Structure formats: structure tokens, C-alpha cells
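The values are calculated or read from the model by the stated rules, or taken from the named source; none is laboratory data. Predicted, not measured: the structure shown is a model, and the values here were computed from it. So basically every Cβ, Gly included, is an ideal-geometry build from the backbone, and we count neighbours across all protein chains shown.
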Amino acid sequence: MPEVRADADRIVADAAALGVVLEVGQAEMLLRFADLLLRWNRAFNLISRRDTGRLVTRHLLDSLSIAPWLVGTEVMDLGTGAGLPGVPLAIARGDAQFTLIDRSERKIRFIDQVIRALGLGNVSSWCGDVRALPPEAIYDTVVCRAVAGVADVWALAGGHIRPGGRMLVMHRGQSPSSRAEHDPPAELAGGVLHQRVEVRVPGLQYPHELVVLDRTGPE
């Protein structure tokens, strides 16, 4: 359909502005994910209804924006919710394996449906508290669209990052004063603050902040 191709072309261009290279087929898959998300949202309340009209910018492109900071090929999405940012990242990074974790059974049911519908062989789901993960579950990168403080997120999942790996924590649309409430210390148990980046996503009025924490060694 011409309108689908036009929308896919726009996603390819906007992703390129974020430093992410997509094929048109990947963009079309992102649009299929968006369609699933909208259909399931009517019953499962996966995202705010205020966001349905700006799904591509608010959720798909926002998720893709952290792709340049991923390291390695084993990625955990902590508190994935509706599969954000994990599903868009997995579509963009077919060379990496993604484990999407959430405590909500209904959200994990949605994720499993997305995996089947889109044929995402590089995505698996795990329903439960991250603190119940076995110690041998180790990842190169942990990503999280956070509402909690960075130090709290690190305390939950920092032990599941291998040395040399990193954690990417996204704080969305916050004022400088509210961001200060989530300021991470320069050093955490087994990790160190690498950088804080203000990321501007095409189509969104306000940037989000990305906090990059590198794993330096065992706790």
C-alpha cells in the first residue's frame, strides 16, 4: 500500500537522523508492531491513550534512539511493558538477542503474541521480578525506560551485566529539576557513570535524557 511505504520511508529517514540505519522492510515491521500495539491497547491498556496518535515518535523512534549506545549482542529490557524499547531495538538489531522482562502477565502475553506475529527469532520474554533471575543470566547491555532513580535500577539489574557491559536508562520528557531527583552517583557498586546524553527525537517537542552506566567489575 502506498501510504504504508510512505510511512516506512519516513521512519527510515527519522531513524537515520538518530544514527540508526534501517531497511524499508524493518520500518514496515515497526509499523506492524505499532498496529498490534494499538489493537491490543483497547483491552490491555498497554500505553497511555494520549500517546496513540503519536505512537511512531513517542514510542518507536524514542526506543530506537538508544540503539547507538548498545554494546554486545545480549540485551535485557528491564520492565519492558508493551515491548518498549525492546521490540523496536530487536527489529533494528537482528544480530543481537533480546530478553524482555516484566512482572505483568498480560503484558508478557502481548509480547509473546508480537514475537509470533512478527517472527522475531531474536526475542524472548520472561515474566517475573528481575530479582528472581538466576545469577547466570548475564547480559552485555541492560536497557530501561525508567521512572525510578538510576541507582535503584542499577541495584536491581547491575549484577546481571558482564564486566565491560553497560546499562542504558532513559528518562523521558523531564524538566532539569525533576531529572536532578534521579541523578546517579558517579560510582555505583561495580559500575561507573559513563555519560549523560540529551537525545532529541524527530517529532517530539522535548528531549529525553539517556544515562549511560558502564560495568567495571564484580560487586
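Scanning the stretch 68-107 for residues that are more than 18 Å from Thr141 (Cα to Cα) and touching a Gly at 6+ places or on another chain (Cβ under 9 Å) yields Arg103, Ser104, Lys107. When restricted to residues that are touching a helix residue (DSSP H, G or I) at 6+ places or on another chain (Cβ under 9 Å), within 24 Å of Glu28 (Cβ to Cβ), assigned to a helix (DSSP H, G or I) and of a type outside the set (S, T, N, Q), the stretch 110-140 contains 6. The residue that is farthest from the chain's Cα centre (by Cα), among those in the stretch 47-78 that are part of a loop (DSSP other than H, G, I, E, B) and surrounded by fewer than 23 Cβ atoms within 10 Å (Cβ to Cβ), is Ser48.
Might you check whether a residue that is buried (at least 23 other Cβ atoms within 10 Å of the Cβ), without any contact (Cβ under 8 Å) to a residue 60 or more places away in the chain and among the charged types (D, E, K, R) occurs anywhere in the stretch 115-135? Taking every residue of the stretch 115-135 in turn, none turns out to be buried (at least 23 other Cβ atoms within 10 Å of the Cβ), without any contact (Cβ under 8 Å) to a residue 60 or more places away in the chain and among the charged types (D, E, K, R).
From the list Arg145, Arg172, Arg215, Arg166, the one residue that fits, being surrounded by 15 or more Cβ atoms within 10 Å (Cβ to Cβ) and at pLDDT below 90, is Arg172. Of these, His194, His182, which one is assigned to a loop (DSSP other than H, G, I, E, B) and modelled with pLDDT under 95? Exactly one of His194, His182 is assigned to a loop (DSSP other than H, G, I, E, B) and modelled with pLDDT under 95, namely His182. Within the set Ile91, Ile108, the sole residue that is surrounded by 23 or more Cβ atoms within 10 Å (Cβ to Cβ), of a type in the set (A, V, I, L, M, F, W, C) and modelled with pLDDT of 95 or more turns out to be Ile91.
Scanning the stretch 79-104 for residues being within 18 Å of Asp129 (Cβ to Cβ) and in a loop (DSSP other than H, G, I, E, B) gives a total of 5.
For beta carbons closer than 8 Å, sequence separation of 6+ or different chains, a first residue in the stretch 143-167 that is at positive phi and a second that is surrounded by 22 or more Cβ atoms within 10 Å (Cβ to Cβ), the qualifying pairs are Gly164/Arg215.
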